[in-house]
1. For Cα pairs less than 8 Å apart in space and 6+ apart in sequence, what is the mean separation divided by the residue count of the range 159-227, i.e. the relative contact order in percent?
2. Sorting 284, 159, 100 on the 10 Å Cβ count, fewest up front, what's the list?
3. At 7 Å along Cα-to-Cβ for each site, give me the label-to-label distance between residue 49 and residue 324 in nm.
4. For helix 203-219, report the angle its Cα long axis makes with the longest principal axis of the Cα atoms of the chain; keep it between 0 and 90° and round to the nearest 10°.
5. With 10 angstrom as the radius, rank 228, 108, 63, 188 by how many other C-beta atoms surround their C-beta, starting from the fewest.
6. Residue separation times 0.36 nm, minus the C-alpha to C-alpha distance between residue 123 and residue 88: what's the value?
7. Compute the relative contact order of the range 57-142 as a whole-number percentage, counting only Cα pairs closer than 8 Å that sit 6 or more residues apart in sequence.
8. How tilted is helix 260-272 with respect to the longest principal axis of the chain? Cα atoms for both, answer in degrees (0 to 90, nearest 10).
């Protein structure tokens, strides 16, 4: 599998960043999380004057074989319908991208449909949906490796376009099921606490979903290695997102993490390269059951809690203005010395 070179950013700049932030015209610590975020972005970028350039949101789309087991209230065709809908410019993620200046890229990672070629959808299809992991591995090792590389390649393209911040989204009926299994395998949180309503299951539907996923987990005969769990239960869109996150970290880009599925993709990425977490800013805590638990497992502090559970990158993009404010703070506020104000705490 592709090797990434991800390192913890050089900590020698941190005292200078702290000193700059502490000497802005405010009581020390009075801008709270903005100060933490400014320090993190400056640390990632290794500069006292960090910047956010050409933000992009990449949506990876694919179908899941487990959908055939009735684990979602939404039918399979919603995946391809929504994938095309994103290109019309009227989806949930579209207005947020416009509002906050994000370029949107829509990627066919494995949609079970022949998507139109004239809509601007980026064709990286591996297969028309994964296999049903209740009975067999969702993907082969070769398919997993291809997903990692294709996700990384898209990030390299964004970087070449001048981006230093990316968010990632997903579209794939059944992907909360795959995420729940990654979550329980990588955190040891009991499966029942990892399974939620997805796109709208009632209590009976959630019980059915749990039973299906429990059967799949009981049937798993792999070696338990992170790569084996990723390929056995994952979706093509999810594994491409993992590759994208790892490449973004290698390129020292800021990664805005979205909801339950993307948080579990970051969890999987951490299993492969723990230092990837240094580059992550967690946008929000959603209402999908288990999201708070997986955030806690990652010791992550989400910026927002708005009751969101749409995915697509929407929560990450909503959080972007907070990150922008943090960068503006460190760059645009006067220092006490510069403003000839007596320093006060």
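Nothing in this text is a laboratory measurement; each read-out follows from the coordinates by a stated rule. Not measured: the values here are computed from a predicted model. Here Cβ is always computed from backbone atoms with ideal geometry, including for glycine, and neighbour counts include all displayed protein chains.
1. About 25 percent, as a whole number.
2. The order, fewest Cβ neighbours first, is 100, 159, 284.
3. Placing both labels 7 Å beyond Cα along the Cβ direction yields 2.1 nm.
4. 80 degrees
5. 188, 228, 108, 63
6. 10.9 nm
7. Answer for the range 57-142 is 39 percent.
8. For 260-272 against the chain, the angle is about 80 degrees.
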